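Beneath this line is the structure, given in structure tokens, with notes to follow.
The values are calculated or read from the model by the stated rules, or taken from the named source; none is laboratory data. Only a predicted model underlies this, so the values are computations on that prediction, with no experimental measurement involved. Cβ placement follows ideal geometry from the backbone for every residue including glycine, while neighbour counts extend to all protein chains displayed. We work out accessible area using only protein heavy atoms, side chains counted, and drop any ligands, DNA or RNA first. Shrake-Rupley method; radii C 1.70, N 1.55, O 1.52, S 1.80 Å.
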Amino acid sequence: MTLLTYLRRKLGLPGTKLGCGEGGCGACTVMVSRFCPFQQKILYPLQYLNPITKTSYILHNDKRNSKRFRHYSVNACLAPVCSLHHTAITTVEGIGSIKTKLHPIQERIAKSHGSQCGFCTPGIVMSMYALLRNTPQPSMEEIEDAFQGNLCRCTGYRPILQGFKTFAKDSCCGKKKTGGCCMDMKEEKETNTCSALFDPLEFRPLDPTQEPIFPPELLLYKNSPRKQLCFKGEGIMWLQPSSLDELLNLKARYPQAKLVVGNTEVGIETKFKNMRYPVIIAPSWIPELNKVDHTQDGICFGASCTLTMMGEILQKAVVELPAYKTEVFRAVLEQLRWFAGQQIRNVAAIGGNIMTASPISDLNPVFMACNSKLRLISQDNERIVHMDENFFTGYRKTILNPQEILLSIEIPYSKKGQYFSAFKQASRREDDIAIVTTGMMVEFKQDNPQVEKIQISYGGMAPVTVLAKETCKELAGREWNDSLLQDACRLLSKEMTLSPGVPGGMVEFRQTLTLSFFFKFYLTVLKKLEQEWNGNNNIKETIPPNYESVTELFHKLEPSSVQLFQEVPAGQNPEDFVGRPIMHLSAMKQATGEAVYCDDIPHYENELYLAVITSTKAHAKLLSVDVSEAQLTTGFVCFLFPKDIPGSNVTGVRYDETIFAEELVTCVGHMIGAVVADTQEHAQQAAKAVKVTYEELEPIVTIQEAIDKQSFYPPIKKVENGNIEKGFQEADHIIEGEIHIGGQEHFYLETNCCIAVPKGEDGEMELYASTQNTTETQVLASHALGVPSSRIVIRVKRLGGGFGGKESRSSVLSTIVALAAHKTGRPVRCMLDRDEDMLITGGRHPYLGRYKVLDRCLFHMDNAYRIPNIRGTGYVCKTNLPSNTAFRGFGGPQGMMVAEAWMSDIAQVCKLPPEHVRKLNMYKEGDLTYFSQKLEGFNVERCWEECLRNSSYQERKAAIEKFNRQHRWKKRGIAIIPTKFGISFTLPLLNQAGALIHVYIDGSVLLTHGGTEMGQGLHTKMVQVASRALEIPISKIHISETSTNTVPNTSPTAASVSSDLNGMAIYNACQTLLQRLEPYKKSNPKGPWESWIKAAYEDRVSLSATGFYKTEGIGYDPETNHGNPSNYYSYGVACSEVEIDCLTGDHKNLRTDIVMDVGTSLNPAIDIGQVEGGFVQGLGLFTLEELKYSPEGNLYTRGPGMYKIPAFGDIPTEFNVSLLRDCPNSKAIYSSKAVGEPPLFLSASIFFAIKDAITSARAESGINGPFRLDSPATPERIRNACVDQFTKLV
């Protein structure tokens, strides 16, 4: 059992969340504290809950033993409970509560608007708490490093960093030198503009003396000898020896037993790879394995020493020892900078990293290149071996005998004339596995640039970590000059080869990296030789000035930002909060872990758990389903198959899918059935025991395969306007091109979850669901159960993120859970694991755009450009992948991306500045779109001009051109991109909403509407709307939940229209109430709200009102290509600057300036948060996130280990957002505009800035003109596009 399961299920502490189950998202972060007799340092935090008495202790500081306490953050989803003997745990509930007092960390993340959906917030809070317990005044870099193991999908990270920056030593926005410091920018009275979303002076100070100390009960054991422990579970035995002799005896008795310290590898293998280890030995208590010795040759680390401990000791050595002795240490530290997250480094052991024998290990190439010494020991033998080319004998295999263990590793000092570097390239810089990693060492003869010895080791180039033996052999004795470089690259290109079908793919990229890394190493060493042998005539080679940047390690700049918005009008009632940046109403509950999500609902006494049985084939006939073995598993209750459905097996938005497959499966992840058991673990075990026999059919996996086989869904849609043939005839240039935009996983932090509770009569049932669409969930459940919708009630408190992914696909799960509850007559729960959710639910549609354009007019469907002559044809491909679904923008970003691609091509062909071409073709006020909708209030031009000014575009463009002339291997690029996004459901019937308001005798108001809260601040905005309409404080208004028994027939919370629709419905209900109250207000005009309510009640006037709204004037006729598919448009412009590493494909997002038209903002803090969050989500779409499938249709990227969303370090270093002023929108509530989806496409400015930088790199190689760059612009695509002498060798 993991600590997370224990906390949530046994102790009833739901604040710690399950986000991924593999230690990759940080939602489950908690604090572990232990007394360490063999360590002399605090590393990391603690409220103490006595597990016996359930008493909570608030303890005081004890300095006597502080140097021997270890307090550290961990991933509770990976930490076995049995590994925590003699430790204390701190969860988010233990540091503060809305019932008592919030911790300053919780207060600041809430008030700085750093919590949207809130599912990730407890984990982020605990990571920050860990840091402050050890470093009460951290630097900004330490704060950022603390979050390397935490992800957030909503906020865009900026508000979290800005809020926590107030804890830093130098607490400001980072712009003091430029005169734009946040401390000096509160309000600009002349322009009625404000830049303060919160006031840091309101924050309670942090007082480290008030933090709890280590529990006294555990100190009673500090002088007692440790005893061997044995824990037994279902099919597993956990042994924890207390001495080396005990460990060796156990290893002799159980030679196949796994040794586990941090459980960061075995935990994932057992959960996701179905591995079973009957015996696990935990050697974390063994003094010899935790010892650190400084020897004559280096520093010797016990195999159980954590990576955090190793990093601290090496860092100290680097400070204290001469630089020439620490070359290897600095290389190890550079690799550790990007090794997993802090939570993993705190528990992962050095020995585990070595013995896992991963071919893409970050550290093993370093250890191999420096020829580290490993001490191996068994009950009968002890030996010392070097980590050389013989140590790894095969994939994840070493030379150790079954009874041997790794006792220690000695990392050697470097010596004079010896130089060492390590490099790693991954898809994402923070917390990502390597694509290729390397350690390189060269040793020179005394006072001579002649190579005495060279060692080059790579990871990611073979099933094992490898030495480039032949290359090293050839380079020995050579002088360190350009001739050696050329020969080395030639030799490496022949020695480090990969077959076309190698696991992991990216063949060209990986092979190029081996050469790029050596080039970096060559220049790095050359620079050191120049510095150390200055004036020595032996050095004939020098580094060209424009090559200098190659030798620089990645350096983080302190993040900075400015947010600008329009102040409310002078004289606005202080109790009218519309237009004010108030905090998300659930933010404090989310920060303390007290906000309730679906799976946080306490378990019912007789509750069961469901697990799904899914297809492992992409296209196949079902021949048989064997459940005999599964029926014998512990806790089994029943199965669900098509025959168990009392109603219809047909489901889906268009009723073109089945709940369970009957004869044919059409994708991997297709639901075949489900199993119900007493616990989640037992249900999943039973599901895995079901044996399905298939007759495989040929699958269609990619868009190109669908095109080749003409596999399309009818109808093929076409939109045409103007005269295409005439337009092409009159064109000076015709350009054809193609761009592929990859799909995207929603990666909401809370996976799909549902609890179904049968009521026992009349077929009634309640479903607590994590869904954006209560009505569809109700309709599909009733359809499957064969009962009227009125018998089914759907309840939604809040979602831990949605982004469209829970609009329709959530019903796939909720319907099955409802069927299980119906069959068993008992409550049934299911929360999908991350890998299941990613496999089953689908994501953003991949998109292939082919275009043929002329340089006088540009085609878009249609972004912000006027196209007189246009024809667009759309094909929906039918493939054997899970059905894709809505995702923030729902097709808009893909279409706009194609338009911007040919815009970029035309600028290159015509040799015009891209911003000039874009501006020339931009719509004007009053223009008609290609479907004849008139553009009114067209504010793109205003956004464009303001963004040019705010970003200092022209000055920076000139500076970038200068930078690029001075740097060969680093290039910068800049791009400014507009967006025009239509607001409404394209299906007219969905443009309606309802609301229900109850006013109680005490004057309090219960508000219900049809939208669900998923972090976007909808409930907060709706309370603001009702507050203004009723002219009462927001403190009197409460929203409890969204449910189908209060507001029926709701539209999904989607398409960015929920504030528009529900806000107007609420306004309508408020007007009804105000009309009823009018007589009492007239008779007592100065009376308080409560007196009017009391008078109306006593006069028997209804204090409950419904509201309704439908959007008028929308509708589009595809036959005539006329109509208004959108109620209005939201506009924005973004300018972004990037820097790419031409050798590795890595890139840095240096700066982004956004100007967004949100009308008259209902809540600037929420709107700016949506702009930033949408932009960063788009940044993932266009530069980072890749869904990878096998040719057979298997999804490889099923969790954060393989699928990388943007992390804290990926956002622009300077991130500025300005809301356009004085732009009221007459078509929405209180002149506001939609904001959820429109900002996402602005992140295309990052993509085209990258393309701009690549263009400069290609020009250095003599290559000019348009080139294809598909999305996302990953390191692989960037590097391969930067054609140079190294790519030509591959």
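Quote the accessible area belonging to residue 113 in square angstrom, nearest 10, computed with a 1.4 Å probe and with ligands, DNA and RNA left uncounted.
Around 30 Å² of this residue is reachable by solvent.
So, for the range 235-389, what is the accessible surface per residue at a probe of 1.4 Å, expressed in square angstrom? Walk me through the numbers before you get to the answer.
Working: 5690 Å² over 155 residues.
Ligands and nucleic acids excluded, the figure is 37 Å² per residue.
Among the trypsin sites (Lys or Arg not before Pro) within the range 884-940, which fall in a DSSP loop and have no more than 14 other Cβ atoms within 10 Å of their own Cβ? Don't skip to the end; give the middle numbers.
Working: sites: 888, 911, 918, 919, 924, 934; in loops: 888, 911, 924.
Those that pass, being in a loop and sparsely packed, are 911, 924.
According to a simple spin-label model (label point 7 Å from Cα along Cα-to-Cβ), what is the distance in nm between residue 962 and residue 1071?
5.9 nm
At a Förster radius of 51 Å, what calculated FRET efficiency corresponds to the Cβ-Cβ distance of residue 296 and residue 603, to the nearest 0.05?
On the way: r = 60 Å, r/R0 = 1.17.
Rounded to the nearest 0.05, the efficiency is 0.30.
Hey, any idea what % of the chain's accessible area is carbon plus sulfur with a 1.4 Å probe?
Here it works out to 50 percent.
Calculate, in nm to one decimal, what residue 1004 and residue 987 gain on full extension: separation in residues at 0.36 nm each, minus their alpha carbon distance.
Details: separation 17, 0.36 × 17 = 6.12 nm, distance 3.68 nm.
Here the answer is 2.4 nm.
Once you place label points 7 Å from the Cα toward the Cβ at residue 543 and residue 920, how far apart are they in nm?
4.3 nm
Using 30 Å as the Cα-Cα cut-off, could you pick out the over-long pairs in 232/823; 169/970; 111/980; 17/258; 717/797; 316/416? Could you put the intermediate results ahead of the total?
Details: 232/823 34 Å; 169/970 32 Å; 111/980 32 Å; 17/258 28 Å; 717/797 39 Å; 316/416 20 Å.
In this structure, 232/823; 169/970; 111/980; 717/797 exceed 30 Å between Cα atoms.
Using only Cα atoms, figure out Rg for the range 682-784 and give it as a multiple of 2.2 N^0.38 Å. Write down the numbers at each step before the final one.
Numbers: Rg = 24.5 Å, N = 103, 2.2 N^0.38 = 12.8 Å.
After normalising by residue count via 2.2 N^0.38 Å, the value is 1.91.
Using r as the Cβ-Cβ distance of residue 955 and residue 1112, and R0 as 56 Å, what FRET efficiency do you calculate, to the nearest 0.05? Let's see the in-between values first.
Working: r = 47 Å, r/R0 = 0.83.
Working from the Cβ atoms, E equals 0.75.
On alpha carbon coordinates alone, what is the Rg over Rh value for the chain, Rh being the Kirkwood radius?
Using Cα coordinates only, the ratio equals 0.96.
If you filter the range 200-251 for chymotrypsin sites (Phe, Trp or Tyr not before Pro), then keep DSSP loop positions with at most 14 other Cβ within 10 Å, what is left?
Values: sites: 203, 221, 231, 238; in loops: 203, 221.
Those that pass, being in a loop and sparsely packed, are 221.
Compute for the range 991-1051: radius of gyration divided by Kirkwood radius, i.e. Rg/Rh, restricted to C-alpha atoms, rounded to two decimals. Write down the numbers at each step before the final one.
On the way: Rg = 11.4 Å, Rh = 12.0 Å.
So for the range 991-1051, dividing Rg by the Kirkwood Rh gives 0.95.
By DSSP, what percent of the beta bridges with both residues in the chain are antiparallel, rounded to the nearest 5? Let's see the in-between values first.
Details: 155 of 180 bridges.
Close to 85 percent.
Using +1 at the Cβ of each Lys and Arg and -1 at the Cβ of each Asp and Glu in the chain, identify which of 1213, 295, 1087 lies farthest towards the dipole's positive end.
295
If the cut-off is a Cα-Cα distance under 12 Å, which aspartates and glutamates reach residue 165, setting aside same-chain residues fewer than 8 apart in sequence?
Those aspartates and glutamates meeting the cut-off are 141, 142, 144, 558.
Pull up the cross-link candidates among the aspartates and glutamates for residue 1288, meaning alpha carbon to alpha carbon under 14 Å and not fewer than 8 places away within one chain.
Correct list for residue 1288: 508.
Using just the Cα positions, wrap the range 1198-1278 in a convex hull and report its mean projected area in square nanometres, one decimal place.
On the way: hull surface 37.7 nm².
Answer in nm², one decimal: 9.4.
Please state, rounded to one decimal and in Å, the Kirkwood hydrodynamic radius that the range 746-904 gives when every pair of distinct Cα atoms enters the mean of 1/r. Let's see the in-between values first.
On the way: mean 1/r = 0.0557 Å⁻¹.
About 17.9 Å for the range 746-904.
Among the aspartates and glutamates, select those whose C-alpha is under 13 Å from the C-alpha of residue 469, and discard any that sit fewer than 8 residues away in the same chain.
Leaving aside aspartates and glutamates fewer than 8 places away in the same chain, those within reach of residue 469 are 388, 389, 495.
Distance check, please: which entries in 251/397; 1021/1086; 373/540; 453/1148 exceed 24 angstrom between their Cα atoms? If you can, show how the numbers build up before the last one.
Numbers: 251/397 17 Å; 1021/1086 28 Å; 373/540 36 Å; 453/1148 35 Å.
Distance filter (> 24 Å) returns 1021/1086; 373/540; 453/1148.
Please report the Cα spread of the range 619-671 along all three principal axes, rounded to whole Å, starting with the longest.
39, 26, 16
Peptides 648-654, 411-417: what's the order by average Cβ count within 10 Å, highest mean first?
On the way: 648-654: 15.9, 411-417: 18.7.
So the order, starting with the most tightly packed, is 411-417, 648-654.
Write down the accessible area per residue of the range 730-775 in Å², having rolled a 1.4 Å probe over the full set of protein chains. List each step's numbers first, then the result.
Working: 1400 Å² over 46 residues.
Accessible surface, normalised per residue, equals 30 Å².
Could you give the nm distance between label points at residue 201 and residue 448, where each point is 7 Å from its Cα heading toward the beta carbon?
7.1 nm
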